[in-house]
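*Asks:* What follows is a single structure, and I will ask about it in a moment.
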There are 2 protein chains.
Amino acid sequence: MCNYLVYHHRMANSIPSAATMRAWRAFLEAHSRLTTRLGDELEAETGLPLSWYDVLVHLAEATGNRLRMTDLAGAVLLSKSGLTRLVDRLCAAGLVARCPDPDDRRGTFVELTEAGRNRLRAASPVHLRGIEEHFGRHFTGPEATALATLLGRIQR
Amino acid sequence: MCNYLVYHHRMANSIPSAATMRAWRAFLEAHSRLTTRLGDELEAETGLPLSWYDVLVHLAEATGNRLRMTDLAGAVLLSKSGLTRLVDRLCAAGLVARCPDPDDRRGTFVELTEAGRNRLRAASPVHLRGIEEHFGRHFTGPEATALATLLGRIQR
DNA sequence: GCCAACTCGTTGCGTGTACAACTATCTTAG
DNA sequence: CTAAGATAGTTGTACACGCAACGAGTTGGC
């Protein structure tokens with residue numbers, strides 16, 4: 001899924017410029033190639049799918065290494081049901097554990113296990129190297145900052 | 001699926017800078033939000049999924065409004081089998097047609113039908129407006145050009 | 001010319017995801 | 001205090017996608 005290029009049919013206003021369309025195309029193409037490549041590398045070298053890694057990182061960053069299902073779903077940009085199944089798999093692999101929230105018996109915390117922490121520690125250098133090699137290395141420091149600023153304008 | 005943030009574990013070299021990581025996070029988040037939003041809008045207002053739109057645009061741009069399966073798969077960044085199924089659906093909807101390549105009897109052309117062209121003409125303003133409203137509008141002309149240049153460095 | 005190697009597109013299968021409906025729990029208005 | 005509504009997470013179901021294997025067709029070395 002990716003291109004959605006201009007089909008020339010100029011209307012009154014609010015039509016993207018040619019530069020905008022070039023940026024949009026480059027954006028989509030870059031995303032597709034980067035996620036595919038980084039995902040393949042991570043899985044090949046560490047056996048960890050990108051979605052698993054993503055969950056582990058968010059838990060590792062959270063205070064207490066635990067997060068509520070809903071919050072985690074928001075963090076990894078997944079639907080609630082999608083996260084339920086993903087956490088099922090991570091639980092089965094022993095990398096995270098579910099524990100009930102005593103203050104709200106509807107809620108569930110997802111907590112990083114020791115095995116999960118170790119697994120993340122092992123995978124992290126591989127993925128970071130990949131990010132640098134396939135993404136960061138193409139930009140100077142100021143360029144990376146500019147990129148973050150520009151893309152950061154797309155919010156919520 | 002999305003974050004893959006830094007888990008601080010500094011190694012010798014080739015570790016992404018903080019600016020790179022900010023850019024990477026912003027990139028992933030922007031992509032997730034934009035594709036979701038644009039896809040929802042397009043489907044709600046025109047009944048056309050983004051993947052369908054993408055195919056139609058590429059055919060409309062191709063000479064003769066036709067493309068070989070493999071080339072089309074490359075253009076829309078989909079696997080061969082994924083494209084086979086997608087084209088199945090578009091055929092069933094009457095928006096494209098398959099026709100054999102007389103010069104290579106293994107090959108198949110996918111061709112835009114009149115209905116497909118009309119459907120694309122109707123959907124295109126909606127999607128372009130969306131691109132401008134959710135993406136282009138956040139950038140000045142030079143910024144969009146810079147973005148295209150920077151992202152364009154991620155190749156192949 | 002012929003067989004091996006390659007290419008094109010499709011199919012079987014497994015997987016990951018979203019949506020909607022559901023259960024259990026919490027919150028709030030009256 | 002209770003009933004109505006909101007919220008947390010799970011489950012049923014459908015679907016889109018990739019990978020590997022396949023059948024048909026093409027190409028190149030000998």
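Nothing in this text is a laboratory measurement; each read-out follows from the coordinates by a stated rule. The structure displayed is predicted, hence computed values, not measured ones. In this analysis, Cβ positions are derived from the backbone assuming ideal geometry, glycine residues included, and neighbour counts consider all displayed protein chains.
*Asks:* For region A:79-108, which positions are within 10 Å of DNA strand D (Cβ to nearest atom), of a type in the set (K, R) and within 19 Å of the chain's Cα centre (by Cα)?
*Replies:* In the first step, residues of region A:79-108 are kept if they are within 10 Å of DNA strand D (Cβ to nearest atom); the result is A:79-88, A:91, A:98, A:100-101, A:104-108.
Narrowing the set further to residues that are of a type in the set (K, R) leaves A:80, A:85, A:98, A:105-106.
Answer for region A:79-108, where residues must be within 10 Å of DNA strand D (Cβ to nearest atom), of a type in the set (K, R) and within 19 Å of the chain's Cα centre (by Cα): A:K80, A:R85.
*Asks:* Inside region A:45-91, can you point out the residues that are within 14 Å of DNA strand C (Cβ to nearest atom) and among the basic types (K, R)?
*Replies:* A:R68, A:K80, A:R85, A:R89
*Asks:* Would you mind stating whether B:R121 is surrounded by fewer than 14 Cβ atoms within 10 Å (Cβ to Cβ), under 27 Å from A:T20 (Cα atoms) and under 18 Å from the mean Cα position of the chain (by Cα)?
*Replies:* Values: surrounded by fewer than 14 Cβ atoms within 10 Å (Cβ to Cβ): yes; under 27 Å from A:T20 (Cα atoms): yes; under 18 Å from the mean Cα position of the chain (by Cα): yes.
Answer is yes for this residue.
*Asks:* Starting from region A:66-78, take each residue that is under 15 Å from A:D101 (Cα atoms) and within 14 Å of chain B (Cβ to nearest Cβ) and list its partners that are away from DNA strand C (no atom under 12 Å from the Cβ) and assigned to a helix (DSSP H, G or I), counting only C-beta distances under 8 angstrom and pairs at least six apart or across chains.
*Replies:* Final answer for the pair search is A:L67/A:H58; A:L67/A:L59; A:L67/A:A75; A:L72/A:H58; A:L72/A:L59.
*Asks:* Of all residues in region A:29-55, count the ones that are β-branched (V, I, T), within 12 Å of DNA strand D (Cβ to nearest atom) and under 12 Å from the mean Cα position of the chain (by Cα).
*Replies:* The initial filter retains those residues of region A:29-55 that are β-branched (V, I, T), namely A:35-36, A:46, A:55.
Going one step further and asking which of them are within 12 Å of DNA strand D (Cβ to nearest atom), we end up with A:35-36.
Applying the additional criterion that residues be under 12 Å from the mean Cα position of the chain (by Cα) yields A:35.
Going through region A:29-55 one residue at a time, the tally reaches 1.
*Asks:* Would you say A:L34 is away from DNA strand C (no atom under 14 Å from the Cβ) and touching a residue at least 60 places away in the same chain (Cβ under 8 Å)? Please lay out each step first, then the result.
*Replies:* Values: away from DNA strand C (no atom under 14 Å from the Cβ): yes; touching a residue at least 60 places away in the same chain (Cβ under 8 Å): yes.
Answer is yes for this residue.
Condition check ((1) more than 16 Å from the chain's Cα centre (by Cα); (2) surrounded by 14 or more Cβ atoms within 10 Å (Cβ to Cβ); (3) closer than 30 Å to B:T140 by Cβ) across all residues:
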| site | (1), (2), (3) |
| --- | --- |
| A:V57 | no, yes, no |
| A:R66 | yes, yes, no |
| A:L72 | no, yes, no |
| A:L77 | no, yes, yes |
| A:V110 | yes, yes, no |
| A:R117 | yes, yes, no |
| A:F139 | yes, yes, yes |
| A:T145 | yes, yes, yes |
| A:A148 | no, yes, yes |
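*Asks:* Residues being buried (at least 16 other Cβ atoms within 10 Å of the Cβ) and part of a helix (DSSP H, G or I): count how many of those fall in region A:44-55.
*Replies:* Final tally of qualifying residues: 7.
*Asks:* List every residue pair whose Cβ atoms sit under 8 Å apart, with the two residues 6 or more apart in sequence or on different chains, where the first one lies in region B:48-59 and is more than 9 Å from every other protein chain (Cβ to nearest Cβ) and the second, anywhere, is among the basic types (K, R) and within 16 Å of DNA strand C (Cβ to nearest atom).
*Replies:* B:W52/B:R89; B:L59/B:R66
*Asks:* Answer with yes or no whether A:V110 is within 15 Å of DNA strand C (Cβ to nearest atom), β-branched (V, I, T) and more than 26 Å from A:R37 (Cα to Cα). If you could, list the steps in order and put the result at the bottom.
*Replies:* Numbers: within 15 Å of DNA strand C (Cβ to nearest atom): yes; β-branched (V, I, T): yes; more than 26 Å from A:R37 (Cα to Cα): yes.
Taking the combined requirement at face value, the residue satisfies it.
*Asks:* Mind checking which residues of region B:120-140 are more than 7 Å from every other protein chain (Cβ to nearest Cβ) and of a type in the set (S, T, Y)?
*Replies:* B:T140
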